[in-house]
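Everything on this sheet refers to the single structure shown next.
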Amino acid sequence: MALKNYKLNEQQKERLQKGVAATLVLPMLDSIEDFIWEAIFCFTKDIPLVDPLFNTRSKRLFDIVDKSKRIGWSAKAIQKNFCEGGTFEIVIQRSDVFSIGESLGFPGLNRDSNPNIIGAALLKHWHQKIINDAEAQGIDDKRICVLLKSPTYDRFAYLEEDLTIYKPEELNWRWTNDKKRGLQGIRKSDDRVVYRWYPSQKQFFERFLFTEDHFTFNLTPQRLPLKDVIDLLYNKL
């Protein structure tokens, strides 16, 4: 399956770096994640920001929506060392498919079921989430945007891709060991693991590949004194 990797233009690259650098100077923030990453992304793409202070945050899949273009993004920020050819994983859904198997059309689903049947149920549950939320949020173009950040906050990478919707026949599923604690979804075309699921935690992960096509940048993180930041912001009121 060919994935589209969306690239930033030069102005957007500059805005992304500026947004990250400006955020890191704030001593009241200890990380870039969740809404903070969403805000930086909106600044990068010049998309109106929905402020959670005055708006109820949706629990739908797409954290950011460009209503005029009907594009939606699931936004994720991951802290880890990264290099070309490396992989990283993101929790995409809590999936208790054993308890909801019947409603998905897979009655009697349990650890002893055929792994490919369990995998088909996982895919159906995930695809239902994508389709239902996209419809509810008015989205035609479904994407994911990821900020990778090194543990020392001096190296970053940006990924933006289409959300992948695999057909069941494109994947093989197998348990990682005889204890059946982890299930892997393996893409047939290149034998690469693209999904992992843990029945005990109910967490469904998607695995992504980092390549040289993704935009990376370095910076030296700086912090301003707390008093200076508060005085500066208060004077803007």
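Rounded to the nearest whole Å², what accessible area per residue is found for the range 132-237 with the 1.4 Å probe?
56
Can you list the residues, at least 5 places off or on another chain, whose amide H is less than 5 Å from the amide H of ALA77, using H built in the peptide plane?
Residues meeting the amide H criterion: ASP34, LEU147.
In what sequence, largest accessible area first, do SER95, SER58 appear using a 1.4 Å probe?
In descending accessible area the options line up as SER58, SER95.
Just to be sure I understand: with springs between alpha-carbon atoms less than 10 Å apart, which residue in LEU53, LEU147, LEU183 has the highest mean-square fluctuation in the Gaussian network model of the chain?
Of the options given, LEU53 has the highest mean-square fluctuation.
If I build a Gaussian network model for the chain, linking alpha-carbon pairs within less than 10 angstrom, which residue out of LEU104, LEU224, LEU159 has the largest mean-square fluctuation?
Result for the chain, Cα springs under 10 Å: LEU224 fluctuates most.
Rank these residues by their accessible area, most exposed first, probe 1.4 Å: THR164, THR152.
In descending accessible area the options line up as THR152, THR164.
Using a 10 Å Cβ count of at most 12 others and DSSP loop calls, identify the longest part of the chain lacking such GluC sites (Glu not before Pro).
85-211
Can you send over the carbon and sulfur percentage of the accessible area for the chain, probe radius 1.4 Å, protein chains only?
Ligands and nucleic acids excluded, carbon and sulfur give 50 percent.
Heavy-atom accessible area of CYS83 with all protein chains present, probe 1.4 Å, nearest 10 Å²?
80
So if we plug the beta-carbon distance of LYS167 and ASP46 into 1/(1 + (r/R0)^6) with R0 = 30 Å, what FRET efficiency do we get, rounded to 0.05?
0.25
Let me check I have the definition right: for the range 1-141, take the eigenvalues of the Cα gyration tensor, multiply each by 5, take square roots. What are those semi-axes in whole Å, largest first?
Output for the range 1-141: semi-axes of 33, 19, 16 Å.
I want the local charge near ASP154. Using Cβ-Cβ distances under 14 Å, sum +1 for each Lys or Arg and -1 for each Asp or Glu among the other residues.
Once positives and negatives cancel, what remains is +4.
Just add up the charged neighbours of ASN172: K/R +1, D/E -1, any other residue whose Cβ is under 10 Å from the Cβ of ASN172.
0
So which trypsin sites (Lys or Arg not before Pro) in the range 72-171 end up in coil per DSSP with only 14 or fewer other C-beta atoms within 10 Å?
Within the range 72-171, the qualifying trypsin sites (Lys or Arg not before Pro) (loop, at most 14 other Cβ atoms within 10 Å) are LYS80, ARG111.
Report the residue, chosen from ASP190, ASP213, ASP66, that carries the largest GNM mean-square fluctuation when the chain is represented by alpha-carbon nodes joined by springs under 10 Å.
Comparing ASP190, ASP213, ASP66 in the GNM, the peak value goes to ASP190.
Starting from the Cα gyration tensor of the range 87-139, take the square roots of the eigenvalues, sort them a ≥ b ≥ c, and report rounded, prolate or oblate (rounded when a/c is under 1.5, otherwise prolate if a/b is larger than b/c, else oblate).
oblate
The values are calculated or read from the model by the stated rules, or taken from the named source; none is laboratory data. Not measured: the values here are computed from a predicted model. Cβ sites come from the backbone with ideal geometry, for glycine too, and all protein chains shown count toward neighbours. Remember, those area values only see protein heavy atoms, side chains included, never the ligands or the DNA or RNA. Shrake-Rupley method; radii C 1.70, N 1.55, O 1.52, S 1.80 Å.
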